[in-house]
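**Q** Okay, handing you the structure first.
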Amino acid sequence: MLTFLALAAVAFLGTVPQQSQSIVIYTGWERHALVGSDVRLSCSFFSWRWTSDDVTFSWTFRPDGSRDSISIFHYTGGAAYLDNKGPFRDRVEFVGNPARRDGSIVLKNLDFNDNGTFTCDAKNPPDIVGRPSSVRLLVFENVPIQAGVITGAIIGVVLGLLVLIVVIYYLMRFLVARRVFNLSVSKHGKKKKEGSQQRQGPAASAEPAKASSDKKKQESRKDKK
């Protein structure tokens, strides 16, 4: 009886459809590009399930100043369906890899009308509940300097100043030490010269005294004779 109930429970659970879980979709936050250039818009997702053969990706575009979005790309059933009527006709290329959960696209030959928000949505059945992710595209005639470049330049300048200060510090120490050494050598040489002169003084004065003594002896000898 227990065996029959266990088999019945297994059979019943096998007929219950798998419960779907949430899917998390990732895109960039903002992209900058030049007029006439190409730009890659990345889209990927995280799902608790293995990548399904029925995975889908959808891209929509909402121009700046507009409330309406238009579909520009859709991938389903292993096939990509590109925009062939709208503003991105013949300018959208699918470069993703659905098996690796990548639904990225490339927009070609950009112009100022391409400024706007691009939204990616993905499904990995049975995980179909998820919030689409958006990336904003800004098209410029000249790409502005980004904050990262400015920050890197500031850090480079600060490091350069620190290195210069260290070099100046050690150079000053070297010059001071060299001057002290020269003064010490000069002072030592002067003392040595003065000492030599003082030693030569008594010897020079002793010679006349000796000559005077010899002269007195000679005169004494003459008197005796």
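The values are calculated or read from the model by the stated rules, or taken from the named source; none is laboratory data. Since this is a predicted model, take the numbers as computed values, not measurements. Heads up, the Cβs are rebuilt from the backbone with ideal geometry, glycines too, and the neighbour counts pull from every protein chain shown. Surface accessibility is based on the protein's heavy atoms, side chains included, excluding ligands, DNA and RNA. Shrake-Rupley method; radii C 1.70, N 1.55, O 1.52, S 1.80 Å.
**Q** Does P202 meet the test of being loosely packed, with under 10 Cβ neighbours inside 10 Å, at pLDDT below 75 and in contact with a His (Cβ under 8 Å, 6 or more places away or on another chain)?
**A** no
**Q** So which residues in segment 29-64 are touching a residue at least 24 places away in the same chain (Cβ under 8 Å), in a loop (DSSP other than H, G, I, E, B) and among the aromatic types (F, W, Y), if there are any at all?
**A** Those that are touching a residue at least 24 places away in the same chain (Cβ under 8 Å), in a loop (DSSP other than H, G, I, E, B) and among the aromatic types (F, W, Y): W29, W48.
**Q** Also, quick follow-up: Condition test on Y26, is it modelled with pLDDT of 95 or more, surrounded by 17 or more Cβ atoms within 10 Å (Cβ to Cβ) and in a strand (DSSP E or B)? Before the answer, list the steps.
**A** Numbers: modelled with pLDDT of 95 or more: yes; surrounded by 17 or more Cβ atoms within 10 Å (Cβ to Cβ): no; in a strand (DSSP E or B): yes.
Considered against the rule, which asks whether it is modelled with pLDDT of 95 or more, surrounded by 17 or more Cβ atoms within 10 Å (Cβ to Cβ) and in a strand (DSSP E or B), Y26 comes out as no.
**Q** Please find, within segment 45-80, the residue that is surrounded by the most Cβ atoms within 10 Å (Cβ to Cβ) out of those that are of a type in the set (D, E, K, R) and touching a strand residue (DSSP E or B) at 6+ places or on another chain (Cβ under 8 Å). Spell out how you get there, then give the answer.
**A** Residues of segment 45-80 of a type in the set (D, E, K, R): 49, 53-54, 62, 64, 67-68.
Subset that is touching a strand residue (DSSP E or B) at 6+ places or on another chain (Cβ under 8 Å): 49, 54, 62, 64, 68.
Values: R49: 14, D54: 13, R62: 16, D64: 13, D68: 8.
Filtering segment 45-80 for residues that are of a type in the set (D, E, K, R) and touching a strand residue (DSSP E or B) at 6+ places or on another chain (Cβ under 8 Å), the one surrounded by the most Cβ atoms within 10 Å (Cβ to Cβ) comes out as R62.
**Q** Among (1) under 27 Å from E141 (Cβ atoms); (2) loosely packed, with under 14 Cβ neighbours inside 10 Å, there is one condition S42 misses while meeting the rest; what is its number?
**A** (2)
**Q** So in segment 145-154, with the set limited to residues that are open to solvent by less than 90 Å² (accessible area, probe 1.4 Å) and not hydroxyl-bearing (S, T, Y), which one is modelled with the highest pLDDT? Outline the logic, then answer.
**A** Of all residues in segment 145-154, those open to solvent by less than 90 Å² (accessible area, probe 1.4 Å) come to 147-148, 150-153.
Narrowing the set further to residues that are not hydroxyl-bearing (S, T, Y) leaves 147-148, 150, 152-153.
On the way: A147: 45, G148: 50, I150: 58, G152: 64, A153: 67.
Taking the candidates together, the pick is A153.
**Q** Okay, next question. Look through N109, N142 and report the one residue that is under 33 Å from the mean Cα position of the chain (by Cα), within 17 Å of R40 (Cβ to Cβ) and open to solvent by 20 Å² or more (accessible area, probe 1.4 Å).
**A** N109
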